[in-house]
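Below is one structure, written out as structure tokens; the observations come after it.
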Amino acid sequence: MRCPFCGHSKDKVVDSRESREGQVIRRRRECLSDECARRFTTYERVEDVPIMVIKKDGRRERFDRKKLLDGLLKACEKRAVSLQQLEAICDEVEGMAQDGPDREIPKQVIGECVIERLRDLDDVAYVRFASVYKQFKDINEFMSELKGLLDESTE
């Protein structure tokens with residue numbers, strides 16, 4: 001931190017206090033330059049970098065946890081899947097995006113993650129979600145997906 005008065009790069013923190021309900025830390029600093037020795041205040045806050053979803057056409061859109069949860073709730077309507085299980089899926093997707101270097105996640109990665117989790121939780125919810133996510137072109141594609149699911153369950 002450079003002193004705003006003399007530009008010296010060495011200082012010491014004299015006092016630190018939280019403000020704005022813990023969102024910001026206020027620090028009183030003292031310049032260690034023999035000629036200056038003045039005090040100044042700095043504020044420290046966590047940088048809010050939004051998570052972005054990369055769409056199929058390359059557009060970027062803010063990640064909306066509520067939108068993901070709404071889709072999951074719709075797929076699991078009248079099914080024996082708890083809200084905690086759906087929240088866990090949302091947590092996993094959000095965690096993947098936060099762990100990425102750019103805080104960006106392709107829509108396909110989200111879809112594949114959700115589909116895999118739903119396949120383990122509930123077959124009907126999986127088929128409902130897959131029918132929207134995979135955008136089947138005709139009934140044959142849909143039936144092929146169902147046959148694959150049936151083959152897995154009989155093994």
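The values are calculated or read from the model by the stated rules, or taken from the named source; none is laboratory data. In this text the structure is predicted, and so the values were computed from the model without any measurement. Neighbour counts run over all protein chains shown; Cβ positions are idealised from the backbone, glycine included.
Annotations
This table checks each residue for (1) in the same structural domain as I115 (by TED's automatic domain parsing); (2) exposed (fewer than 14 other Cβ atoms within 10 Å of the Cβ); (3) of a type outside the set (K, R).
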site: C6; (1), (2), (3): no, yes, yes
site: E18; (1), (2), (3): no, yes, yes
site: E30; (1), (2), (3): no, no, yes
site: S33; (1), (2), (3): no, no, yes
site: R60; (1), (2), (3): yes, yes, no
site: G71; (1), (2), (3): yes, no, yes
site: C76; (1), (2), (3): yes, no, yes
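- Taking region 81-129 as the range and being of a type in the set (D, E), over 14 Å from F63 (Cα atoms) and in contact with a helix residue (DSSP H, G or I) (Cβ under 8 Å, 6 or more places away or on another chain) as the test, the residues that pass are E87, D123.
- Members of region 132-143 that are assigned to a helix (DSSP H, G or I), surrounded by 11 or more Cβ atoms within 10 Å (Cβ to Cβ) and either at pLDDT below 70 or not hydrophobic (A, V, I, L, M, F, W, C) (or both): Y133, E141, F142
- The set of residues in region 40-58 being farther than 30 Å from G22 by Cβ, surrounded by 12 or more Cβ atoms within 10 Å (Cβ to Cβ) and not charged (D, E, K, R) consists of I54 alone.
- Which listed residue is out of contact with any Cys (no Cβ under 6 Å at 6 or more places or on another chain) and at pLDDT 95 or above, from R45, R39, R20, R62: R39
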